[in-house]
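Structure record follows, encoded as structure tokens.
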Amino acid sequence: MKKLPAKKPQGQITRGKTASNRLRRADNFILLYEPSLLTRTDGLFAESLFIDLGYGFDPRTTLESAERFRRINPNLKILGVEIDKERVEAAQPFADEKTFFRLGGFNLPLQAGETVRLIRAFNVLRQYEEQDFAPAYERLAERVLPGGLMIEGTSNPYGSISVANVARREAGVGWRFEALVFGTNFHMGFDITDFQAVLPKNYIHRVVPGEEVYDFLEAWKRSAAEASAAKTFGLKQWFSASAERLAGKGFNVDLHKKWTGKGWLIWYR
């Protein structure tokens, strides 16, 4: 495949620290949310990539995702992207004919003819200024196929709690923000204030009166208090009950138990 001229990676080097299975819940979310995106073979999707952007000091998150996603698509091509040259070099022994590691940033290091179906960018944009958020998204959209997705957000160090944007690539438009997804495995209990610490960059500075995300979180806190009797049946039941109360306040959240029963609250945007 023809290579494009090398470009200077756009972005900043992250701390790079990660832990095994830190992003397992993010992957499992995609597998439940839209597995067909990973298995599509129509048109350009046949050869399109899943990209793990900013995989860190070693490629474990990329390799773990490869194992999960290839259970439903054994031929899925996967690209781990890092802005640190030494991290990319260290990952090369793990590369094969379907798994690649390349030096790059928001200007993705794709070769001629390569396209993207899914980008996962976790714990990357939080270190940037808020004004850098939209330009980073714009660059990342350039080679994503219409209908493709990006899941971008933040988790705590062990992945037990996270908040992520789900953005859909639309032809001629760019990204359309589809949902904000709150996830927990309940290892930290259930406290809505914990989610505030891992909000994505476009929300983290907006938890103030008058902002939509502030109103949402405050309404969820009230909903959890109102549904506190469900706590006697377990945290998952309390979580689900709080979501039902939240929906009753007019917020467009998904009440299917396949989500709330697994610790996911999807707020459709």
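The values are calculated or read from the model by the stated rules, or taken from the named source; none is laboratory data. What you see is a predicted model, and the numbers here were worked out from it, not measured in a lab. Note: ideal-geometry Cβ built from the backbone for every residue, glycine included; neighbour counts use all protein chains shown.
Could you pull out the residue among Ala6, Ala46 that is loosely packed, with under 15 Cβ neighbours inside 10 Å, of a type outside the set (Asp, Glu) and at pLDDT below 85?
On the way: Ala46 fails: at pLDDT below 85.
None of the others qualify; the one that does is Ala6.
For Val173, only one of the following conditions fails: (1) crowded, with 18+ Cβ neighbours inside 10 Å; (2) in the same structural domain as Tyr128 (by TED's automatic domain parsing); (3) of a type outside the set (Asp, Glu). What is its number?
Of everything listed in (1) crowded, with 18+ Cβ neighbours inside 10 Å; (2) in the same structural domain as Tyr128 (by TED's automatic domain parsing); (3) of a type outside the set (Asp, Glu), Val173 misses just condition (1).
Against the condition assigned to a loop (DSSP other than H, G, I, E, B), surrounded by 13 or more Cβ atoms within 10 Å (Cβ to Cβ) and touching a strand residue (DSSP E or B) at 6+ places or on another chain (Cβ under 7 Å), how does Phe251 come out, does it pass? Can you show your working first?
Working: assigned to a loop (DSSP other than H, G, I, E, B): yes; surrounded by 13 or more Cβ atoms within 10 Å (Cβ to Cβ): yes; touching a strand residue (DSSP E or B) at 6+ places or on another chain (Cβ under 7 Å): yes.
So Phe251 passes the test.
What's the number of the only condition in (1) assigned to a loop (DSSP other than H, G, I, E, B); (2) under 22 Å from Arg22 (Cα atoms); (3) basic (Lys, Arg) that Arg206 fails to meet?
(2)
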